[in-house]
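Novice: Pasting in a structure now, in structure tokens, and then I'll have a few things to ask.
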Amino acid sequence: MSPEIQGLLVLVATILLLMTGAPVAFVLGAVGIVGLVLFQGAFSLGVAAETLFSGLHDFTLVSIPMFILMGAAIGSSPAGRDLYAALDRWLYRVPGGLVISNIGACAIFAALTGSSPATCAAIGKMGIPEMRKRGIPDEVATGSICAGGTLGILIPPSITFILYGIATETSIGRLFLAGVFPGLLLTALFILWTLFYLWRQGVRAYPPEFRYSWREKFTSIPKVAPFLIVVIGVLYVLYGGIATPSEAAGVGAAFCLVLAIVIYRMWNPLEWWAMLRSTTRESVMILMIIGTAVLFSYMLSSLYITQTLAQSIADAQLNPWTLMLMINLFLLVAGCFIPPAGIILMTAPILLPIITSAGFDPIWFGVIMTINMEIGLITPPVGLNLFVVNGIAPDVPTSKVLWGSFPYVICMVVAIVILSIFPEIATWLPDKLMGPAV
């Protein structure tokens, strides 16, 4: 049987199993093992366990549960509420300042947690009711939180970048730096659209005579400033060559735990238990996907499916930008059905040789891929942020949430186009601080 036919059978089997709602890790593991047995015989099972273990035998993986714990410590505290309140007191005079405060709080909270659903939940619980109470249209109140929450996987430290770096063996430090300016670009596009829409609708969240005193403004800062200092410190030791990503993540998680206890008096053992339980659950899920994705990739490689696909695309001599358009469309569709971790670990090893042979920078492509994953977080049927917002505001129809999110999806597409025209937006900072990539 030719590699093309084998690849088609593997693709159909994977899609059918994913459509059943089975966990991504189980689907990848099952397809990987069955594919090896069917096409290479039962003796191939001898390497399955070793391959699965080798996928997890990487010290860099230690950073994943540490960054998740760091996000859980902040997410389970009222830090999101305080961050939102602080920004609101400083931006309330700006037209649409209340919505902009939420988007800005999402961007900053994303840097603290690295998780989109956590960002969406932490800021949305306070922001959505407040925006609706002050007359902001429901579609803007919910859509802006859905979109702002997606910044959690783009602005470093990002779990998505860690997974991409592991899957493609690219520098996680460079990926973190590459996400800074695209994250700011996306935040700016979200804010510009919000300003334009609310200005056109004539919406004001506060009456013209309303004022916050300087005392109220400055007293909102002390509780959130220590967390921001920790994130800045983590990034400094990471890029200053003082610590590895795993070491920086461990120190950052420890400091965030201490700050959550000291600032917010989180002494209750039940709060600790919930925090550790959510960290363990999410970490095990991601690590299971990593291990089975390595097995899945090994199966594709051993059957020469990956090599045949890459060679077929090379022989077709497609225009590089036509190829990139096809890849982006594929990622957009996949993101509607599969969580970001699954897509990255399944497709990144396959796409890497294709995009590098076409002359594209793998660091730049990691940013493009992550923005595509962001779009998947706010599009049905698997949009995680949609479920979070639905839980916060169950009385808002899903159609309104989707309609409010759609302009922000367009902003993400615009960001992809801008990054395609000016790739230096993503590559300049890592090249400046870490030297040109070899």
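Novice: Answer with yes or no whether PHE365 is modelled with pLDDT of 90 or more and closer than 21 Å to GLY152 by Cβ.
Specialist: On the way: modelled with pLDDT of 90 or more: yes; closer than 21 Å to GLY152 by Cβ: yes.
Spelling it out, PHE365 is indeed modelled with pLDDT of 90 or more and closer than 21 Å to GLY152 by Cβ.
Novice: If you check every pair at least six apart or on different chains, which have Cβ atoms under 6 Å apart with a residue in the range 183-209 that is over 14 Å from GLY135 (Cα atoms) first and a residue that is in a loop (DSSP other than H, G, I, E, B) and at pLDDT below 80 second?
Specialist: THR194/GLY96; LEU195/GLY96
Novice: Restricting the search to the range 343-376, which residues are within 18 Å of LEU185 (Cβ to Cβ) and in contact with a Gly (Cβ under 9 Å, 6 or more places away or on another chain)?
Specialist: Step one: of the range 343-376, the residues within 18 Å of LEU185 (Cβ to Cβ) are 361, 363-375.
Within the range 343-376, GLY366, VAL367, THR370, ASN372, MET373, GLU374, ILE375 qualify.
Listed here are the residues, each with its yes/no results for (1) surrounded by fewer than 15 Cβ atoms within 10 Å (Cβ to Cβ); (2) in a loop (DSSP other than H, G, I, E, B); (3) in contact (Cβ under 8 Å) with a residue 24 or more places away in the chain.
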| site | (1), (2), (3) |
| --- | --- |
| ILE232 | yes, no, no |
| ALA260 | no, no, yes |
| MET266 | no, yes, yes |
| THR292 | no, no, yes |
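Novice: When both residues are 6+ apart or on different chains and their Cβ atoms are under 9 Å apart, which pairs have a first residue that lies in the range 143-160 and is closer than 16 Å to ALA341 by Cα, and a second that is outside any helix (DSSP H, G or I) and aliphatic (A, V, I, L, M)?
Specialist: Matching pairs, first to second residue: THR150/ILE378; THR160/LEU154.
Novice: Quick one: count up the residues across the range 382-438 that are hydrophobic (A, V, I, L, M, F, W, C) and closer than 18 Å to ILE123 by Cα. Steps first, answer last, please.
Specialist: Quick first cut of the range 382-438, residues hydrophobic (A, V, I, L, M, F, W, C) only: 382, 384, 386-389, 392-393, 396, 401-403, 406, 409-419, 421-422, 425-426, 428-429, 433-434, 437-438.
Restricting the remaining residues to those that are closer than 18 Å to ILE123 by Cα gives 384, 386-389, 392-393, 396, 401.
Going through the range 382-438 one residue at a time, the tally reaches 9.
Novice: How many residues does the range 17-59 contain that are more than 23 Å from TYR304 (Cβ to Cβ), part of a helix (DSSP H, G or I) and out of contact with any Phe, Trp or Tyr (no Cβ under 7 Å at 6 or more places or on another chain)? Write out each step before concluding.
Specialist: Start the filter on the range 17-59 by keeping residues that are more than 23 Å from TYR304 (Cβ to Cβ), which leaves 18-26, 53, 56-59.
Filter once more, keeping what is part of a helix (DSSP H, G or I): 18-19, 24-26, 53, 56, 59.
When the remaining residues are screened for being out of contact with any Phe, Trp or Tyr (no Cβ under 7 Å at 6 or more places or on another chain), the result is 19, 24-26, 53, 56, 59.
Number of matching residues: 7.
Novice: Among the numbered criteria (1) under 22 Å from the mean Cα position of the chain (by Cα); (2) at pLDDT below 80, which one does VAL237 miss?
Specialist: It is condition (1) that VAL237 fails.
The values are calculated or read from the model by the stated rules, or taken from the named source; none is laboratory data. Because the structure is a prediction, the values reported are computed rather than measured. Don't worry about glycine lacking a Cβ; one is built from the backbone with ideal geometry, like all the others, and counts go over all protein chains shown.
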